[in-house]
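A.B. asks: After the structure tokens below, expect a handful of questions from me.
The values are calculated or read from the model by the stated rules, or taken from the named source; none is laboratory data. Note that the structure is a prediction, hence the values are computed from the model and not measured. All Cβ positions, even for glycine, are placed from backbone atoms using ideal geometry, and neighbour counts span all protein chains on display. Ligands, DNA and RNA are stripped out before the accessible areas are found, and what is left, the full protein with its side chains, is counted by its heavy atoms. Shrake-Rupley method; radii C 1.70, N 1.55, O 1.52, S 1.80 Å.
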Amino acid sequence: MRKIENIFHENAYHGITSSGLKVFIIEKKGFKKTVAAYGTSFGALNLTQRVLDETVTHKMGLAHFLEHKLFEDEEGDILSQFTELGASANAFTSYDKTVYYFSTYKDIEAPLALLMKLINRIYVDEASIEKEKGIIIEELKMYANNPNMFLLMQTYENVFQKFPMKYDIGGTEASVSDTNLEDVLRAYDMNYRPERMAVVVVSGEEPSKIFEMIERFPLRQTEPMVIEDVFEPEPLSVALENEVIPFMVKTPKASLSFKFKYEGTHILKDEFLIRTLLNINFSQLNDDFQSWIDLEIINNYFSFDVDLQDGFGVIYFFNEGEKNDQFKSLVTSKMENLELDVKVFDQITKRSWGESILTLDNYDRYAINVMTAYFKKIPFYEYLESIRSVKPKDVEAIMAYLRDFSVAYLELIPKVK
């Protein structure tokens, strides 16, 4: 293992096991709590992969389906086994990764061994696959009836033409129904390989001891294999510019999305810069914000975010109220005339710098953030340090991307009975 130098004085280490598994260990001396996360960069986006001369197309929602199946074991439900060891465990599938994790205040060797076991075997058969389909389809139906989830997913569908974010993380009823044992085993074999995964442990335990534990646990024995994720080029125009959908809402909800060309290489830093610019223009830090509230153009539901990918980015706004036409006009006008207030910029960056330091004491977020940065090929501490060093000129440079947009507007209105 080698120590990761950083200005935060964190005792952080990185090593690679003999099987090729990447390990990050952050030592918190004197603290009892341990959080361990084990993840793969296989998420809902990774529908097409190339291995050797073969192109494999996975079914939508397969990463999420696989996450569900890994918790089954010949000895019973693995979550219950974690509980018996005094650990709280869970997992999640996002668009770009699947992560399994636990936290405990007790001895870590047994739950860490169970986490390693969880990933390095799969206990499924045709009957269990069929049983899981019904469970996941019920989940999808529940989300489809949730106005906030429906608004989000329909927004993605209207923004993207080719990019797989247009599909629900859980897939569709049809894709789940069509999933079979061969699909699950193939996705597992391709993506749950030690060399494609990472473990992050935040603990008071001595790092070399933890690394020895991980090295000692039997991992999958796999032959080296180069697996490439394949994405079709995403057009810069949105899929659908305007849509109004009657839905089960009492108050109309709306989204407004701005799609643009992006050619940067520092995605996390650039997302931070754009969020800072959005906060300057669209948060309480803008002197006009309270008047927008008073005029009922926006309310507490109002939010915004940015997502950058290779070749393009999208800025999203969400709102609720009876004046969504004014919301649309207001946001569009501001997006066409974004302002950089240097004083407010300094205020935001200083606050963000302080918040970033505080996250180093939130073990759960810490572990996931380190893993996310690794999968994005970004050194975690270098990214945090960059927050302190950003300058107004960096925002001015990123604003060059925010000149030409393709815009999608979506509104959910109450159904007429």
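A.B. asks: What dipole magnitude, in Debye to the nearest 20, does segment 88-147 give about its Cα centre under +1 on Lys/Arg Cβ and -1 on Asp/Glu Cβ?
C.D. replies: Taking the Cα centre of segment 88-147 as origin, the dipole is about 120 debye.
A.B. asks: Sort 256-269, 124-137 by the packing proxy (mean of other Cβ within 10 Å over each peptide's residues), most packed first.
C.D. replies: In decreasing order of mean packing, 256-269, 124-137 become 256-269, 124-137.
A.B. asks: Helix 126-144 versus the longest principal axis of the chain: what angle, 0 to 90°, nearest 10, using Cα atoms?
C.D. replies: So the inclination is approximately 20 degrees.
A.B. asks: Select from segment 300-364 those chymotrypsin sites (Phe, Trp or Tyr not before Pro) which occupy a DSSP coil region and have at most 11 other Cβ atoms within 10 Å, ordered by residue number.
C.D. replies: When the chymotrypsin sites (Phe, Trp or Tyr not before Pro) of segment 300-364 are filtered for loop state and at most 11 Cβ neighbours within 10 Å, nothing remains.
A.B. asks: Quick one: which residues, 5+ away or cross-chain, put their amide H under 5 Å from the amide H of residue 205? H built at 1.01 Å from N.
C.D. replies: Sorted by chain and number, the residues that satisfy this are 28.
A.B. asks: Turning to a different aspect of this structure: How large is the charge dipole for segment 4-121, taken about the Cα centre, if only the Cβ atoms of Lys, Arg (+1) and Asp, Glu (-1) carry charge, to the nearest 20 debye? Before the final figure, lay out each step's value.
C.D. replies: Working: 12 positive and 15 negative charges, 63 e Å.
In total the dipole reaches around 300 debye.
A.B. asks: Can you tell me, using C-alpha contacts under 8 Å and at least 6 residues apart, the relative contact order of segment 1-125 as a whole percent?
C.D. replies: Taking the mean separation of contacting Cα pairs over the length of segment 1-125, I get 25 percent.
A.B. asks: Please compute the contact order of the chain in relative form: average sequence separation of alpha-carbon pairs under 8 Å and at least six residues apart, divided by the residue count, as a percent. Show your work: numbers first, answer last.
C.D. replies: On the way: 732 pairs, mean separation 91.1, N = 417.
Rounded, it is 22 percent for the chain.
A.B. asks: Using alpha-carbon positions, what is the distance between the centroids of segment 228-250 and segment 80-134, in Å?
C.D. replies: If you average the Cα positions of each part, the centres end up 33 Å apart.
A.B. asks: What do you get for the angle between helix 267-282 and the principal long axis of the chain? Use alpha-carbon atoms, 0 to 90 degrees, nearest ten.
C.D. replies: Once rounded, the angle reads 30 degrees.
A.B. asks: Let me ask you something else. Quantify, in whole percent, the carbon and sulfur part of the accessible surface of segment 94-237 (1.4 Å probe; protein heavy atoms only).
C.D. replies: So the carbon and sulfur contribution to the accessible surface is 54 percent.
A.B. asks: Here's a follow-up. Report ³J(HN,Hα) in whole Hz for each residue of segment 387-396, in order, from the Karplus equation J = 6.51 cos²θ - 1.76 cosθ + 1.60 where θ = phi - 60°; Gly and Pro get x.
C.D. replies: Rounded to whole hertz, the list is 4, 5, 9, 5, 10, x, 5, 5, 5, 4.
A.B. asks: With a probe of 1.4 Å, find how much accessible area segment 296-417 has per residue, and write the answer as a whole number in Å². Write out the running numbers ahead of the final one.
C.D. replies: Values: 6500 Å² over 122 residues.
Spelled out: the 1.4 Å probe surface of segment 296-417, per residue, equals 53 Å².
A.B. asks: Pop out the ³J(HN,Hα) list for segment 298-315 in order, Karplus 6.51 cos²θ - 1.76 cosθ + 1.60 with θ = phi - 60°, rounded to Hz; leave Gly and Pro as x.
C.D. replies: 10, 9, 5, 6, 4, 7, 7, 6, 9, 9, 10, 10, 5, x, 7, x, 9, 10
A.B. asks: Right, next: Using the Cα centre of the chain as origin and beta-carbon charges of +1 (Lys, Arg) and -1 (Asp, Glu), tell me which of 39, 360, 246 is placed farthest towards the positive end of the dipole.
C.D. replies: Of 39, 360, 246, it is 360.
A.B. asks: Taking the chain as the reference, fit the longest principal axis to its C-alpha atoms, fit the long axis of helix 324-336 to the helix C-alpha atoms, and give the angle between the two in degrees, 0 to 90, nearest 10.
C.D. replies: Compared with the principal axis, the helix lies near 80 degrees.
A.B. asks: Tell me, how many Å apart are the Cα centres for segment 135-196 and for segment 300-333?
C.D. replies: Each part's Cα centre sits 24 Å from the other's.
A.B. asks: Local charge sum around residue 6 (other residues, Cβ-Cβ under 10 Å, Lys/Arg +1, Asp/Glu -1)?
C.D. replies: Residues near residue 6 contribute -3 overall.
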